[in-house]
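For reference, the structure discussed in these notes is given below.
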Amino acid sequence: IDIGNFATPQLVDVNRDGLLDLIIGEQRGNINYLPNTGSINNAIFDTIIENFGGIDIDNTITSSGYSTPKLVDYNGSYHLFSGSYSGKIYEFNNIDNNLSGTFDSVSSGSNVGHIWEGGRSAVTLSDINNDNLNDLIIGNYCGGISLFSSDSSASTNTIEPITNNIELYPNPTKDQITIRTREYYGDIYLTDIFGKVLKKE
């Protein structure tokens, strides 16, 4: 199997037939779907569907989207997440019974949970702390790994953003910036566009 540069595969039962299929992200930003036409003990991936879900990651920014797909089952319904060249985290649904169609964007032009952890992001979701909620793990181009634990209800399993006001000023700025908030959220990291930490408070 050779789908191009920077292949990022996931084995997952996409069509829910009891066999592990392949989805593979790549440098161009599209997602490839390879259904398993073999068996549990003898997998055969002889068909490549190149534009799975009609997805083209970061297509309004660059021709090299660096898709990193992760298909996750939320209460019996698939959601597809992907990192990107820009660092944006994408989410799609309307996948089940629509494998040959176009998936719907859940993120609607903004990062999932308004989370950005640096360029060339890659994502995975799993219940790390055994609270029956998916946690989000993000890697980036500089090698950093971040963990976001979900504090939402088990029925939705979504990553919740901070919704209280945070003030940043002046904007734009050259040398100094002031951060003001009504509540303490923990450590503050100032990073460059590639996710490298420039300062921590």
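The values are calculated or read from the model by the stated rules, or taken from the named source; none is laboratory data. As the structure is a computational prediction, the values presented were derived from the model and not from experiment.
Just a few scattered comments:
- A count restricted to the stretch 100-126 and to residues that are modelled with pLDDT of 85 or more and assigned to a loop (DSSP other than H, G, I, E, B) stands at 8.
- Residue that is farthest from ASP13 (Cα to Cα), among those in the stretch 38-79 that are of a type in the set (A, V, I, L, M) and under 16 Å from the mean Cα position of the chain (by Cα): ILE57
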